[in-house]
Each structure stands twice: as C-alpha cells, then as structure tokens.
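Worksheet for the structure shown next.
The values are calculated or read from the model by the stated rules, or taken from the named source; none is laboratory data. Nothing here was measured: the structure is a model prediction, and the numbers come from that model. When we count neighbours, we look across all protein chains shown, and the Cβ atoms used for this are built from the backbone with ideal geometry, even at glycine.
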Amino acid sequence: MNVIVNVLTLCILLSLSSIQILKAQIRGCTDPQANNYNSSATINDGSCTYPAYSISPLQSINLPSIMNESSGLIIESDSVWTHNDDSDINLYRCSVKDVGYSVFPLTGAKNTEWEDMSSDDIYFYLADVGNNSAGNRTDLRILRVRKEEVLKGIMLFDTIRFVYEDQSISGAQAANTTDFDCEAIAVIGDSIVLFSKMWTTQKSVIYTIPKQPGTYIAKKKATLDIGGLITGANALKNKQLIILCGYSTFLQPFLYLLYDFPGTEYHAGNKRKISLNLPFHQVEGIATQDGLKAYCTNEKLVQSFIDIKPSLHSLDLSNLLSQYLQRVSSTETDGEDDIQIVHETDNVIFTVHPSCIGTPYRLLNLQGDVVLSSIIDSQSSIIDSQSCTLPSNVLLSGYYLLQYKSYVKALCIVR
C-alpha cells in the first residue's frame with residue numbers, strides 16, 4: 001500500500017500545475033448561427049432556434065432508370081452505393097460524376113421494403129424496415145454483409161431482427177397511417193439507430209438496437225418534432241452529427257440536422273431544418289463523408305402533370321456546418337486533455353470529447369482506494385455521489401485521481 005500511496009502522491013505532484021477549480025458552467029444555446037445564441041454559454045442545452053434557410057443543389061445527375069426507386073445511400077470515395085425499395089435485391093455502385101454503374105446481387109435475400117442503408121468500417125447494413133402498407137409487419141430486419149465480400153461477388157449475409165418496444169401488433173391499419181414505419185437508419189458505435197416515419201403526426205421516434213446479428217427489442221430514446229416524413233439518415237463518425245432527409249406531405253424535401261449533442265442523446269443538441277429547392281422531389285437517401293458536401297437521391301415520380309426523374313444531387317453544407325465541424329476538429333485530442341472536470345454546486349461534472357464516451361473510469365483517494373468506478377456515458381456526465389464507496393456516500397473536499405484510458409488526471413474537489 002505504501003508503494004501505491006507513493007505512486008499516487010507522485011502523480012498528484014506532477015499534475016498539480018494543471019489542476020483547475022473551474023467556475024460553474026453556463027447552459028444555453030452555443031451555436032453562433034442560432035437566433036438565441038448565448039456567447040456566455042459553455043454547455044449546449046439544445047435550446048437553439050434558427051431562421052428559415054434553404055439550399056439548392058450544386059449539381060443534379062439523372063440516375064439510370066434501373067434505379068427508379070433509389071432509397072438508401074452511402075458514399076465512399078468518389079462512388080455512391082444505393083438500392084431500390086421494392087423486390088429488387090441488387091446493390092448498385094455509381095460514380096458521383098456520371099451515370100456509370102455496377103450491379104451486385106444479394107443472392108438469397110428478400111427485399112420486402114429495403115428503405116435505407118448504412119455502414120461501418122467492415123459491413124453494409126440494409127434496412128428491410130418499411131412498414132407503411134399495413135403497419136403490422138412482424139419480420140422487420142436489417143441485413144449485414146461484408147463490404148470486401150460484396151466487391152468480390154460473395155454476397156453472404158446475416159440478419160438483425162427486431163420489434164418496437166412500444167408497438168402492440170394487431171390487425172392491419174390503413175396505408176400510410178402508422179406510427180411504426182421506418183425509412184432511416186444510421187450505424188453509430190456499436191448500435192443501429194432507427195428514425196421512424198410517423199405518417200399522421202409527422203414526428204420521428206428514435207430507437208436503438210445492437211448492430212450484431214440476433215433478435216432484439218428496439219428501445220425508444222426520444223421523439224423529434226420534425227414536421228415532416230423522415231426517409232434517410234447519415235451519421236458522421238466522431239463528430240456528433242447526424243443528417244436526416246425527408247419531405248412534407250406536399251413533397252417539399254428537406255434536411256434535418258442533429259449536431260453538438262451529448263453522447264448518444266441524439267435529440268438533446270442542435271436541431272435545424274433546411275429546405276431543399278427541389279419541389280415535388282421524393283428525396284429518399286442522404287450521404288456525406290465530411291459533413292460539408294452531401295449527396296441525396298430521389299425516386300422517380302409520375303403524377304398528373306409531374307414527371308420527376310430519379311436523380312443524384314450534390315449539396316453544399318459548408319455555410320451550415322463548417323464552423324461547427326472546425327470547432328469539433330480543433331478540440332479532438334488523443335491525450336489527457338480530452339476531458340475536463342468541473343465542480344458545480346454539489347455536483348462534479350465531466351465534460352469530455354465524444355471519443356471518451358463509453359470509456360471506463362475510476363476515482364481513487366490518496367490512500368489508493370477506489371472510491372468510484374463507472375463508465376463515461378455522455379459528453380457531460382455527473383459523478384454520482386451515491387455510487388461512492390465512502391462511508392458518507394459523498395466525495396469530500398480534497399485531492400483525488402481520475403484514471404481513464406491510460407491516463408491519470410488530478411482532481412481537486414472543494415465543498
């Protein structure tokens with residue numbers, strides 16, 4: 001124990017110069033583009049409101065007619081991947097510059113309603129989750145296939161099955177009236193995040209399931225008051241940014257941006273709706289690699305005097321997101337400065353970089369005893385005194401050591 005104490009004391013002495021007792025943080029709108037921006041705010045409380053904003057495509061390219069019902073979309077390098085949403089079991093790879101394409105059939109699969117696709121470093125995830133015709137599907141599933149095998153023509157896949165935790169399935173509903181349709185998914189970390197398409201209220205419920213094969217209950221996280229029908233999603237890795245696309249009941253397409261949210265609380269950050277100057281376009285898929293330039297696709301639509309071709313549109317989002325993304329990038333670190341500790345009244349708060357979320361941490365006293373052991377579960381987490389092993393269940397004033405990843409950081413608590 002003496003050795004441990006000596007080591008801990010040495011760590012504290014080495015770290016004393018970096019110890020800061022910070023003032024209480026101020027919660028408010030932290031986005032300079034918002035109507036209610038608060039320059040004094042240090043923690044984004046999700047209260048930002050925004051002026052109306054619309055954008056036009058930089059370029060639009062007609063897709064081959066074989067992709068008349070392009071629904072999901074992924075971009076990798078200078079190519080996009082897409083699929084149709086009805087019976088067609090092919091994946092299509094297209095250039096972002098012309099109409100050339102390749103076909104990759106997912107042999108043995110079934111396409112009931114493939115509505116979106118997402119990816120991680122290893123897999124494509126195909127969301128057979130469309131449920132608008134009767135609202136009572138019992139075979140909702142996501143197919144997972146290795147990217148490298150797709151390129152080799154080896155189309156083996158496994159299946160992730162789920163049901164919604166708050167749905168009680170009985171008889172069929174009238175078409176396009178259900179709250180349990182879904183056309184948008186995003187793979188984030190070890191989860192698949194689903195955004196429902198609620199036909200009547202035009203809201204969207206956020207659900208999550210694991211991304212490993214199995215059968216699950218989709219857990220409800222929150223509801224977004226979109227004011228439209230969500231049809232596609234794309235998450236930017238480690239940037240706390242999700243871009244949704246959709247359209248109104250009058251076929252006015254839009255983007256819906258979720259960004260600067262804490263941890264996996266996707267609803268708790270900035271929420272901004274952007275109109276797309278593409279009237280009567282049924283936008284179905286959205287993809288981006290950097291958050292600054294995005295691509296979306298629309299289905300073919302022929303109604304009365306309307307004849308809209310299936311197209312791929314490129315969008316410039318730099319005016320909307322460059323400032324935020326620069327700030328996020330400037331705070332990214334892989335060292336011990338990616339976490340701050342703030343004392344606020346009776347609480348001790350972690351403010352961390354998103355890469356720290358999910359990291360185990362331990363708090364030790366000067367005797368080398370672990371007084372608290374937990375996991376950083378959000379970007380702004382409160383140390384729960386009730387979880388302490390001290391007899392008083394309270395972190396007393398004094399020095400502690402916070403251990404996370406491979407780092408040790410000194411902490412001074414003043415009460």
> What number of residues within region 146-174 satisfy the criterion of being among the charged types (D, E, K, R) and under 30 Å from Thr223 (Cα atoms)?
Replying inline: 4
> Do we have any residue at all in region 23-42 that's surrounded by fewer than 16 Cβ atoms within 10 Å (Cβ to Cβ), part of a loop (DSSP other than H, G, I, E, B), touching a helix residue (DSSP H, G or I) at 6+ places or on another chain (Cβ under 8 Å) and at negative phi?
Replying inline: yes
> Could we say that Ala218 is under 24 Å from Ser168 (Cβ atoms) and exposed (fewer than 13 other Cβ atoms within 10 Å of the Cβ) here?
Replying inline: no
>> Looking at Ile242, Ile226, Ile206 in this structure, which one is assigned to a loop (DSSP other than H, G, I, E, B), touching a Phe, Trp or Tyr at 6+ places or on another chain (Cβ under 9 Å) and within 27 Å of Ala41 (Cβ to Cβ)?
In response: Ile226
> Is one or more of the residues making up region 141-153 of a type in the set (Lys, Arg) and under 20 Å from the mean Cα position of the chain (by Cα)?
Replying inline: yes
> Which one of these is assigned by TED's automatic domain parsing to the domain that holds Glu113, in a loop (DSSP other than H, G, I, E, B) and among the hydroxyl-bearing types (Ser, Thr, Tyr): Ser87, Ser47, Ser71?
Replying inline: Ser87
> In region 189-201, is there at least one residue being crowded, with 21+ Cβ neighbours inside 10 Å, hydrophobic (A, V, I, L, M, F, W, C), in contact with a Lys or Arg (Cβ under 9 Å, 6 or more places away or on another chain) and in the same structural domain as Leu244 (by TED's automatic domain parsing)?
Replying inline: yes
